[in-house]
1. Scan the stretch 192-224 for residues that are hydroxyl-bearing (S, T, Y) and over 16 Å from A123 (Cβ atoms) and jot them down.
2. All but one of (1) under 21 Å from D22 (Cβ atoms); (2) surrounded by 18 or more Cβ atoms within 10 Å (Cβ to Cβ) hold for P58; state the number of the condition that does not hold.
3. Can you tell me which residue is modelled with the lowest pLDDT among those in the stretch 63-100 that are closer than 23 Å to F191 by Cβ, open to solvent by less than 60 Å² (accessible area, probe 1.4 Å) and among the hydroxyl-bearing types (S, T, Y)?
4. Inspect all residues belonging to the stretch 107-118 and state whether any of them is of a type in the set (D, E) and in contact with a Leu (Cβ under 9 Å, 6 or more places away or on another chain).
5. Of these, D276, D295, which one is assigned to a helix (DSSP H, G or I), acidic (D, E) and free of Cβ contacts under 8 Å to residues at least 60 places away in the same chain?
6. Restricting to the stretch 299-312, count the residues that are open to solvent by less than 40 Å² (accessible area, probe 1.4 Å), more than 19 Å from the chain's Cα centre (by Cα) and under 14 Å from L225 (Cβ atoms).
7. Would you mention how many residues in the stretch 258-269 are surrounded by 16 or more Cβ atoms within 10 Å (Cβ to Cβ) and in contact (Cβ under 8 Å) with a residue 24 or more places away in the chain?
8. For the stretch 273-298, what are the residues that are open to solvent by less than 50 Å² (accessible area, probe 1.4 Å) and among the aromatic types (F, W, Y)?
Amino acid sequence: MEAISNWKNYSVDVFIPTYHSDEKLERLLTMLYRQTIKPNRVIILHTVEQEGQEQPLPTIPDSNISVIPIPKSSFDHGGTRKYGATLSDADILLFMTQDAVPADEYLIENLLKPYENPRVSAAYARQLANDSSDIIEEFTRKFNYPKKSFVKSKADLDAMGIKTYFCSNVCASYRNDIYKELGGFVKKTIFNEDMIMAAGMIEAGYRIAYSAEAKVIHSHRYSYLQQFTRNFDLGVSHNQYSDIFRKVKSESEGIKLVKKTLRFLVDKKEFLLIPDLILTSGFKYLGYQMGLHYDILPEKFVLHCSMNKSYWRKENL
């Protein structure tokens, strides 16, 4: 029988990469310091385009917030977070994006609870659609982030496929000692640093927890072109880390989402939204497939297709 960890005494450092942030960051920081379990430190990894730029911060009593400037030319989804983690000796590393606002004051507490099991090495939060989202986005959030919590292990690979590795750094926490034991985030990746880390943890025999009670408000309404470029980068990461992603079922999850969304729209008699679903799904699929084969495409064309264009700078490759 596995021992029980005293998660209530764990220290938590929060890391937030920022770039052209808006009022959501202020709401995020304010909510972090209203938590039932407050962060030990909040470290903002702020991407700057010119030397001396600073991230303006709200005044929050009793807060411990540090701003670390990151030159835009040096930013990387994996490397920047990896660097941030080296600044912490907290028990738990919590990574969030600048637009993920805690839905209540129990976010950190509910992310820590799964660590009662010492084999749980990471726990990620449920993402709720914001008020401006359309019903397709709302349904997508409910599909990817259901109401029921669960814990995933290597034994789930046959049944869950790639979703076994799913873990989103929009709001995800990691047990620091295991994170370091496995080498942390990859230093260079265009996308998916969270799933690459989670895959390493699963393959090492650890478990990933999804905490439906830990909630953040986070959603986007991407244009067709943005869906294409985002999924192009997803395909690139699946190509570059094919040893992780090619051995598990992947595309079937996307097909399942499209079918369920279509059924949802029909049941709701939202027939006028079906063409939008078809177009969105088409742009996603085309982008993913082209990204998956980016290495046979002309360099200039790859740059046009990618959402993260700075990744392709020669000095970064």
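1. The initial filter retains those residues of the stretch 192-224 that are hydroxyl-bearing (S, T, Y), namely 206, 210-211, 219, 222-224.
Selection gives S219, Y222, S223, Y224.
2. (2)
3. Ranking the candidates gives S73 first.
4. Of the residues in the stretch 107-118, the ones of a type in the set (D, E) are 109, 116.
Those left that are additionally in contact with a Leu (Cβ under 9 Å, 6 or more places away or on another chain): none.
No, the stretch 107-118 contains no residue that is of a type in the set (D, E) and in contact with a Leu (Cβ under 9 Å, 6 or more places away or on another chain).
5. Answer to the check: D295.
6. The initial filter retains those residues of the stretch 299-312 that are open to solvent by less than 40 Å² (accessible area, probe 1.4 Å), namely 302, 305-306, 308, 310-311.
From what is left, the residues that are more than 19 Å from the chain's Cα centre (by Cα) are 302, 305, 310.
Applying the additional criterion that residues be under 14 Å from L225 (Cβ atoms) yields 305.
Qualifying residue count, the stretch 299-312: 1.
7. Within the stretch 258-269, the first condition is being surrounded by 16 or more Cβ atoms within 10 Å (Cβ to Cβ), and the residues that meet it are 258, 261, 264-265.
After this cut, where a residue has to be in contact (Cβ under 8 Å) with a residue 24 or more places away in the chain as well, the list is 261, 264-265.
Count: 3.
8. The answer is Y288, Y294.
The values are calculated or read from the model by the stated rules, or taken from the named source; none is laboratory data. Here the structure is a predicted model, which is why all the values come from computation and not from measurement. Virtual Cβ from ideal backbone geometry, glycine too; neighbours counted across all protein chains shown. Accessible surface is based on the protein model in full, side chains and every heavy atom, while ligands, DNA and RNA are left aside. Shrake-Rupley method; radii C 1.70, N 1.55, O 1.52, S 1.80 Å.
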